[in-house]
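Trainee: Questions regarding the structure given below will be posed in turn.
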Amino acid sequence: MNRTPATRRAFLKSTMAASAAIFATPALAQGAAPRVVVIGGGFAGTTVARALRTADARIAVTLVEANPTFTACPRSNSVIAGLHDLTEQRFDYDKVKRDGIEVALSAATAIDPQARAVTLAAGRKLAYDRLVLAPGIDFRWDAIQGYDQKASEQIPHAYGGGEQITLLRRQLESMEDGGTVVIAAPVNPARCPPAPYERASLIAHYLKHKKPRSKVIVLDAKDSFTMQRLFENAWKEFYPGLIEWVPLSSGGVLTSVDVKTRTLMTDFDKYEAAVANVIPPQKAGGLAQIAGVADRTGWCPVDPLTFESKLQPAIHVIGDAAIAGAMPRSASAANSQAKICAAAIGKLLAGGTPDEPKLTSACYSLIAPDYAISQTGSYRPVNDQFNEADGGAVVSAVDAPRSLRQQEAAAAETWFKTITAEVWG
Ligand SMILES: Cc1cc2nc3c(=O)[nH]c(=O)nc-3n(C[C@H](O)[C@H](O)[C@H](O)COP(=O)(O)OP(=O)(O)OC[C@H]3O[C@@H](n4cnc5c(N)ncnc54)[C@H](O)[C@@H]3O)c2cc1C
């Protein structure tokens, strides 16, 4: 059965036509070694680089990454709560190099889609036949008055990995018992929608044991959030009176920040925080704008069969930067998209037609050390976007026994170890 809708076929035809113009005879069919440059060595970019080598070892793959060490965001809320160490979140590219991938440790600063060339900060230029962008997210620094990149050095977002996680951890440690922790949660679309609430939970866990007179306030730019009932039930059970959630309609939207006094202002109120964690609204990583693959939403529209940009031929966008319909912006989704993208590029380079994909995502949220909930789903292209498949997303049951929550906590740990071993190990 051909499940490809007409609009999908038309787009695929135009993609193939663009590809045909680029590769009069597909590079692999000519026996040439096509060059694929991947920018961004996170969950999406590193996975696609390695999967491309597996798809066809004749493809010359260069992975461009700004930092020599990657710090993973999943599980970073546990680091903030003192349950894990930041060193356990860090991964390098030694094993990736051993796969025959050239790893260029430099920021990409310019992309010329016409000349099909990438410029690195070091001045080097890389030519490509196909380019994959996996730059993750950037913050909309103009969205909250008084909160810019400089301000984040004092009031961390802790939402992009790295030292920001340590900064928030240290601030919690040095806070006096009785201080208020204020977390500002962003509007959607955003990276990992449950993460601010997982963070509130695990910070509450830390406070309950170390600073029992303190509390957490979540200022939210939304009126509801993912797995809300599960979170709120667990908050009542584990952290009664410790977490206050202020939704949009009760004045939850953060409008300005006074960094010096750590005061967070909404339209309704002022919150003086002992520790503040501002997670700003987001958009695709800056490189997406530079490459001309982001639309007016700030995110990147892509063809769901190949992840090729709808705005620039021969450039694919995967991971958090891409608009992937119902798929959440998660490491798990990024990993799944990368594998589909690699297979599609392999087919396109060989002159073939990409298969219709099925993608998956699994997101765990830890609420206490032995208590986790999850949301899993599979996705297929429908009307040029990813829709939920096979009955939709599966969320942990509200009335599940404690033993199941314990199993989910163990599964979350196994998931992290498995995915990071697959991507960097
Ligand atoms: C607190 C928190 C908890 C989370 N928990 C989970 C979870 O439990 N499960 C889950 O599945 N997901 C989770 N996520 C989401 C997950 O971290 C992201 O969805 C995932 O990292 C996206 O992968 P990516 O490859 O698109 O981006 P990233 O992993 O951010 O990688 C982007 C990479 O691109 C590099 N880069 C950017 N621009 C350039 C440039 N110009 N030149 C060179 N390199 C560049 C960056 O240095 C970075 O290494 C969580 C996120 C947060 C913040």
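The values are calculated or read from the model by the stated rules, or taken from the named source; none is laboratory data. Everything numeric here is computed off the predicted structure, so don't read it as measured data. Note that each Cβ is placed from the backbone with ideal geometry, even for glycine, and that neighbours are counted across all protein chains shown.
Trainee: Of these, Ser214, Ser224, which one is modelled with pLDDT of 95 or more, of a type in the set (Ser, Thr, Tyr) and surrounded by fewer than 19 Cβ atoms within 10 Å (Cβ to Cβ)?
Mentor: Going through Ser214, Ser224 in turn, just one is modelled with pLDDT of 95 or more, of a type in the set (Ser, Thr, Tyr) and surrounded by fewer than 19 Cβ atoms within 10 Å (Cβ to Cβ): Ser224.
Trainee: What do you reckon, is Glu176 at pLDDT below 95 and not polar (S, T, N, Q)? Reasoning before the result, please.
Mentor: Values: at pLDDT below 95: no; not polar (S, T, N, Q): yes.
Judged against the criteria, Glu176 is not a match.
Trainee: A further question follows. Out of the stretch 154-173, which residues are more than 12 Å from the ligand (Cβ to nearest atom), modelled with pLDDT of 95 or more and not in a loop (DSSP other than H, G, I, E, B)?
Mentor: Selection gives Thr166, Leu167, Arg169, Arg170, Gln171, Leu172, Glu173.
Trainee: Follow-up question, since we're still on this one. Name every residue in the stretch 329-350 that is within 12 Å of the ligand (Cβ to nearest atom) and either touching a Lys or Arg at 6+ places or on another chain (Cβ under 9 Å) or without any contact (Cβ under 8 Å) to a residue 60 or more places away in the chain (or both), in order of residue number.
Mentor: Arg329, Ser330, Ala333, Ser336, Ala338, listed by residue number.
Trainee: Okay, next question. Could you count how many residues in the stretch 94-107 are more than 19 Å from the chain's Cα centre (by Cα) and within 13 Å of the ligand (Cβ to nearest atom)?
Mentor: Final tally of qualifying residues: 5.
Trainee: Still on this structure, I have one more. Can you spot a residue in the stretch 113-124 that is part of a loop (DSSP other than H, G, I, E, B), buried (at least 23 other Cβ atoms within 10 Å of the Cβ) and in contact (Cβ under 8 Å) with a residue 12 or more places away in the chain?
Mentor: Scanning the stretch 113-124 turns up no residue that is part of a loop (DSSP other than H, G, I, E, B), buried (at least 23 other Cβ atoms within 10 Å of the Cβ) and in contact (Cβ under 8 Å) with a residue 12 or more places away in the chain.
Trainee: Residues that are touching an Asp or Glu at 6+ places or on another chain (Cβ under 7 Å) and on the phi < 0 side of the Ramachandran plot: find the helices (runs of 4 or more DSSP H) completely inside the stretch 33-105 holding 1 or more of those.
Mentor: Ranges flagged: 43-55, 76-80.
Trainee: Among all residue pairs at least 6 apart or on different chains, which show Cβ distances below 6 Å where the first residue, located in the stretch 377-405, is within 20 Å of Ile340 (Cβ to Cβ) and the second is of a type outside the set (D, E, K, R) and exposed (fewer than 14 other Cβ atoms within 10 Å of the Cβ)?
Mentor: The qualifying pairs are Asp384/Thr7.
Trainee: Restricting attention to the stretch 361-373, does a residue exist that is buried (at least 24 other Cβ atoms within 10 Å of the Cβ) and within 21 Å of Gly41 (Cβ to Cβ)?
Mentor: Looking through the stretch 361-373, at least one residue is buried (at least 24 other Cβ atoms within 10 Å of the Cβ) and within 21 Å of Gly41 (Cβ to Cβ).
Trainee: Looking at the stretch 79-88, is at least one residue modelled with pLDDT of 95 or more, under 18 Å from the mean Cα position of the chain (by Cα), of a type in the set (S, T, N, Q) and under 22 Å from Glu163 (Cα atoms)?
Mentor: no
Trainee: May I ask you to list the residues in the stretch 146-164 that are among the hydrophobic types (A, V, I, L, M, F, W, C) and over 19 Å from the mean Cα position of the chain (by Cα)?
Mentor: Ala151, Ile155
Trainee: Any residue in the stretch 190-202 that is touching a residue at least 60 places away in the same chain (Cβ under 8 Å) sitting within a Cβ distance under 6 Å of a residue that is in a helix (DSSP H, G or I) and within 9 Å of the ligand (Cβ to nearest atom)? List the pairs, counting only those 6 or more apart or interchain.
Mentor: Close Cβ pairs satisfying both conditions: Arg191/Asp320; Glu198/Asn77; Arg199/Asn77; Leu202/Asn77.
Trainee: Can you tell me which residue in the stretch 273-303 is nearest to the chain's Cα centre (by Cα), limited to those that are within 29 Å of Gln171 (Cα to Cα), away from the ligand (no atom under 11 Å from the Cβ) and of a type in the set (A, V, I, L, M, F, W, C)?
Mentor: Restricting to residues being within 29 Å of Gln171 (Cα to Cα), away from the ligand (no atom under 11 Å from the Cβ) and of a type in the set (A, V, I, L, M, F, W, C), the top hit is Val278.
Trainee: Scan the stretch 262-272 and tell me whether some residue there is under 14 Å from the mean Cα position of the chain (by Cα) and surrounded by 18 or more Cβ atoms within 10 Å (Cβ to Cβ).
Mentor: Looking for residues that are under 14 Å from the mean Cα position of the chain (by Cα) and surrounded by 18 or more Cβ atoms within 10 Å (Cβ to Cβ), one finds none in the stretch 262-272, hence no.
Trainee: Which one of Thr418, Thr376 is within 25 Å of Lys236 (Cα to Cα), β-branched (Val, Ile, Thr) and either surrounded by 14 or more Cβ atoms within 10 Å (Cβ to Cβ) or within 16 Å of the ligand (Cβ to nearest atom) (or both)?
Mentor: Of the residues listed, the single one that is within 25 Å of Lys236 (Cα to Cα), β-branched (Val, Ile, Thr) and either surrounded by 14 or more Cβ atoms within 10 Å (Cβ to Cβ) or within 16 Å of the ligand (Cβ to nearest atom) (or both) is Thr376.
Trainee: Restricting to the stretch 52-71, and then to whatever is within 20 Å of Ala331 (Cβ to Cβ) and crowded, with 21+ Cβ neighbours inside 10 Å, can you tell me which residue is farthest from the ligand (Cβ to nearest atom)?
Mentor: Leu52
Trainee: Being under 30 Å from Val246 (Cα atoms), part of a loop (DSSP other than H, G, I, E, B) and modelled with pLDDT of 95 or more is the requirement here; does Thr297 meet it?
Mentor: Considered against the rule, which asks whether it is under 30 Å from Val246 (Cα atoms), part of a loop (DSSP other than H, G, I, E, B) and modelled with pLDDT of 95 or more, Thr297 comes out as yes.
Trainee: Further question on the same structure: Looking only at the stretch 130-152, which residues are surrounded by fewer than 23 Cβ atoms within 10 Å (Cβ to Cβ) and away from the ligand (no atom under 14 Å from the Cβ)?
Mentor: Listed by number, the residues that qualify are Arg140, Trp141, Asp142, Ala143, Gln145, Gly146, Asp148, Gln149, Lys150, Ala151.
Trainee: May I pose another question? Scan Glu237, Glu232, Glu244 and give me the residue that is touching a strand residue (DSSP E or B) at 6+ places or on another chain (Cβ under 8 Å), surrounded by fewer than 20 Cβ atoms within 10 Å (Cβ to Cβ) and more than 20 Å from Ala276 (Cα to Cα).
Mentor: Matching residue, one of Glu237, Glu232, Glu244: Glu232.
Trainee: Which condition does Leu131 not pass, out of (1) more than 30 Å from Leu349 (Cβ to Cβ); (2) in contact (Cβ under 8 Å) with a residue 60 or more places away in the chain, if it passes all the others?
Mentor: Single failed check for Leu131: (1).
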